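Report on the following structure.
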Ligand SMILES: [Zn+2]
Ligand SMILES: [Zn+2]
């Protein structure tokens, strides 16, 4: 076994503290990575705080992992020692089902998440990227292009692919399409960047008028709607081909469905509250509109996203933090106090005690 060290949550308080554990030996199709950076995803916060009531402790979270390959098994083709590699939400799947054959490992009925989220995930416990070393089958790692910032590209491995995949799948990736982005956080700000890079028109829809300036001036969105302003909402009715909804707290869906054109899609990405199912108004759907969900992306598409991001100079806006700041960062994330993603500088600040 390989020795590993990271930060784990031990109980529902979610407090993260130093934790020693082991990784499996590097197999023929595995790479071992020295982790350099790991982004903090909202899912990490939800899971360590047991938001869904199904967390299994101890938990080393983290599924926006960038590292350098330190071992490559003899059947590894994609990587050699010294290459940069990235790992997102998934480290395994059945590899046999229709979805796996279609490169949609993220929709495999037997996914293996990068860190164990549910008690029912099986016997093997997996730990994530708030740690110094990771072993992963090479299939589930993507190549990191030289041109891209390592800290800035870490969040692309979850937040980035989560918005990129539906923009591509639902054909919003071209000039003439109008995309609405609800919520300007980790996912939302990347949806704006990818939408613009594809040449689509992008409108940010936010409950906070204060975000107008950053949406337009910093992120180059084409327009901004304050969702509580009925005049602004009214003026945009029937104008959008797709809406990327990143908000994870309950909110009314009818006003958003009203913004869609015929055949428009309201795409839900925020983690729902299991205890409070959303109310879905059906009448607006009769305009041949769809309400749909989407979750991260397959490995092939994640590689495509990473290459596209490098080519178009897209990275996440990040606040790089030291490992021992992680609990404060979680408190700030819970308050929405980050623009737009924390990334932990693992390689320089995680010291094995
Ligand atoms: Zn995530
Ligand atoms: Zn499968």
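Structure notes:
- Selected residue (only one of 175, 145, 155 is part of a loop (DSSP other than H, G, I, E, B), in contact with a helix residue (DSSP H, G or I) (Cβ under 7 Å, 6 or more places away or on another chain) and in contact (Cβ under 8 Å) with a residue 24 or more places away in the chain): 145
- Count - residues of the stretch 180-199 that are assigned to a loop (DSSP other than H, G, I, E, B) and within 21 Å of the chain's Cα centre (by Cα): 4
- Test: residue in the stretch 135-145 that is under 19 Å from the mean Cα position of the chain (by Cα), within 16 Å of ligand 1 (Cβ to nearest atom) and closer than 28 Å to residue 245 by Cβ: yes
- Looking across the stretch 58-77 at every residue that is surrounded by 15 or more Cβ atoms within 10 Å (Cβ to Cβ) and assigned to a loop (DSSP other than H, G, I, E, B), the one that is nearest to ligand 2 (Cβ to nearest atom) is identified as 63.
- Which listed residue is outside any strand (DSSP E or B), farther than 29 Å from residue 317 by Cβ and away from ligand 2 (no atom under 16 Å from the Cβ), from 110, 80: 80
- Within the stretch 83-99, the set of residues being within 11 Å of ligand 2 (Cβ to nearest atom) and either assigned to a loop (DSSP other than H, G, I, E, B) or touching a helix residue (DSSP H, G or I) at 6+ places or on another chain (Cβ under 9 Å) (or both) comprises 90, 92, 93, 94, 95, 96, 97, 99.
- Filtered residues of the stretch 167-206 (kept if surrounded by fewer than 24 Cβ atoms within 10 Å (Cβ to Cβ) and within 16 Å of ligand 1 (Cβ to nearest atom)): 185
- Pick from the stretch 37-55, criterion assigned to a loop (DSSP other than H, G, I, E, B) and under 19 Å from residue 327 (Cα atoms), ranking: nearest to ligand 1 (Cβ to nearest atom): 41
Conditions (1) within 16 Å of the chain's Cα centre (by Cα); (2) surrounded by 13 or more Cβ atoms within 10 Å (Cβ to Cβ), marked per residue:
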position: 85; (1), (2): no, yes
position: 88; (1), (2): yes, yes
position: 96; (1), (2): no, no
position: 117; (1), (2): yes, yes
position: 125; (1), (2): no, yes
position: 128; (1), (2): yes, yes
position: 133; (1), (2): no, yes
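- Against the conditions (1) under 30 Å from residue 91 (Cα atoms); (2) in contact with a strand residue (DSSP E or B) (Cβ under 8 Å, 6 or more places away or on another chain); (3) crowded, with 19+ Cβ neighbours inside 10 Å, residue 293 satisfies every one except (3).
- Residue ID - surrounded by the fewest Cβ atoms within 10 Å (Cβ to Cβ), chosen from residues in the stretch 103-112 that are in contact (Cβ under 8 Å) with a residue 40 or more places away in the chain and away from ligand 1 (no atom under 15 Å from the Cβ): 103
- Scope the stretch 56-92; condition within 16 Å of ligand 1 (Cβ to nearest atom) and on the phi > 0 side of the Ramachandran plot; matching residues: 62
- Against the criterion of being touching a strand residue (DSSP E or B) at 6+ places or on another chain (Cβ under 8 Å) and farther than 15 Å from residue 306 by Cα, residue 163 does not qualify.
- Flag for residue 118 being more than 16 Å from ligand 2 (Cβ to nearest atom), farther than 26 Å from residue 242 by Cα and out of contact with any helix residue (DSSP H, G or I) (no Cβ under 9 Å at 6 or more places or on another chain): yes
- Matching residues, the stretch 335-348, being assigned to a helix (DSSP H, G or I) and either at pLDDT below 95 or loosely packed, with under 14 Cβ neighbours inside 10 Å (or both): 348
The values are calculated or read from the model by the stated rules, or taken from the named source; none is laboratory data. Since we're looking at a predicted model, the values are computed, not measured. Backbone-built Cβ (ideal geometry, glycine too); neighbour counts: all protein chains shown.
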